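Beneath this line is the structure, given in C-alpha cells, with notes to follow.
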Amino acid sequence: MNKPETPAIPDVQSHPDARELAIDRVGIRGLRYPLRFDDGDGVPQSTVAKFGVYVALPADRKGTHMSRLVAAIDDMPEPLSLARLPVLLDALLLRLEADAGHVDIEFPWFMRKTAPVSGVQSMMDYAVTLHADATAGKRTVTVEVVVPVMSLCPSSKAIADYGAHNQRSHLTVSLRPWPDARVSLAEVVRIAEEESSCELYGLLKRNDEKYVTERAYERPRFVEDLVRGIAARLVDDPRYAGFSVAAENFESIHNHSAYAKIVRG
C-alpha cells in the first residue's frame, strides 16, 4: 500500500508583512537546557542553563522560526566555552538567515575548594551570565560572575572595644574581553575573593571557622574598597575592552544594603 501523500504545510512565518516595521530582537527566553561548559581546564562541567536566544527580523518578514532557535542550542557539537560563544552565535544567525542576533546564557558554575586549615573539600557555586551580541557585523561577548564573599567593616573595627560587624557580600564582575583574549571563570573568582575580607567555603570545620573569622578581622573592607580593589587589577589589563565591578553588602546591623559600582569602557 502506498503511503498517503502529506499535504503541503504553509510556512506562515516567511510570509510578508505589510506594516514594514523591522524588529530588533525576537526569539525565545527562559529556555532551560542541559549545558556542558569548558572553563579551559580540560574538564567540561555539566550544568543546567537558562537561555535567551534572539535574532533581528527584517521589516518584510512576518515572523521568525522559533523551533530553529531551540535546534541551534541542541545541536552544539562541543562543550560551550567563552571562546566558542561567538561560534554558537554565528551558527544561530546562519540557521535563521539573520544578520543580527543576541544570546543570553545563565547557569550555576561550581568550583571545588579546600578549607584553609582542615583541608576538607567542598563545592562552591557561582552565578554566571554570558552575553553574546552580533550587530552590523560586530561580535561582542560579555562575561558576568557573581562571587559571594565576606566583608568586615573598617569603621566598626576602629570604634568598637571588641569585635566588628561583618556580612556576606556579592561581588559582580562583568568583563568584555577583546576577541581571542584568554579569560576563565576561575580567574575572575580568584581576583574577587582575593580582594575581599575573606572568601567563602561550602564546608568548614571549627578550626577553619576560627581562621576565616580572624582573617576577615585582619582585612577590613568598605564596599568602596571592594570595587576599587578589583577594578585596580582590571583597569590596565589589555585583555578587556571594558568592565564593571559592583559590590553589595547585605548589612548585618541595617535593614538595607551598602552598594558601590565602577564602570570602565
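The values are calculated or read from the model by the stated rules, or taken from the named source; none is laboratory data. The structure presented is a predicted model; accordingly, all values stated were derived computationally and were not measured. Note that each Cβ is placed from the backbone with ideal geometry, even for glycine, and that neighbours are counted across all protein chains shown. To get the accessible areas, we keep the full protein, side chains included, count just its heavy atoms, and leave off ligands, DNA and RNA. Shrake-Rupley method; radii C 1.70, N 1.55, O 1.52, S 1.80 Å.
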Exercise for review: Determine the pairs where a residue that is within 17 Å of K261 (Cα to Cα), located within the range 236-249, has a partner that is aromatic (F, W, Y) and open to solvent by 20 Å² or more (accessible area, probe 1.4 Å) with Cβ atoms under 6 Å apart, the partner being 6 or more residues away or on another chain.
Suggested key: E248/Y259
Review point. Which ones in the range 57-97 are open to solvent by 20 Å² or more (accessible area, probe 1.4 Å) and of a type in the set (A, V, I, L, M, F, W, C)?
Key: A59, M66, V70, A71, M76, L82, A83, V87, A91, L94
Review point. Quick one: what pairs do we get from the range 171-200, first residue without any contact (Cβ under 8 Å) to a residue 40 or more places away in the chain, second aliphatic (A, V, I, L, M) and surrounded by 16 or more Cβ atoms within 10 Å (Cβ to Cβ), C-beta under 6 Å, 6+ apart or different chains?
Key: E195/I230
Check your understanding: When the range 110-155 is examined, which residues are found to be under 28 Å from G265 (Cβ atoms), aliphatic (A, V, I, L, M) and not in a strand (DSSP E or B)?
Key -> A136
Check your understanding: Can you name the condition, by its number, that P77 falls short on among (1) assigned to a loop (DSSP other than H, G, I, E, B); (2) within 16 Å of L35 (Cβ to Cβ); (3) touching a residue at least 12 places away in the same chain (Cβ under 8 Å)?
Key -> (3)
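In the range 115-142, which residues are out of contact with any helix residue (DSSP H, G or I) (no Cβ under 7 Å at 6 or more places or on another chain), hydrophobic (A, V, I, L, M, F, W, C) and modelled with pLDDT of 95 or more?
The answer is V120, M123, M124, A127.
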Exercise for review: Scan (1) over 22 Å from V188 (Cα atoms); (2) without any contact (Cβ under 8 Å) to a residue 24 or more places away in the chain; (3) of a type outside the set (V, I, T) for the single condition A56 breaks and write down its number.
Suggested key: (2)
Review point. Looking at (1) of a type in the set (A, V, I, L, M); (2) under 25 Å from V188 (Cα atoms); (3) not in a loop (DSSP other than H, G, I, E, B), can you tell me which one L82 breaks?
Key: (3)
Point to revise | Leading residue by the ranking (most open to solvent (accessible area, probe 1.4 Å)) among those in the range 121-163 that are among the acidic types (D, E) and within 21 Å of E248 (Cα to Cα) | key: D125
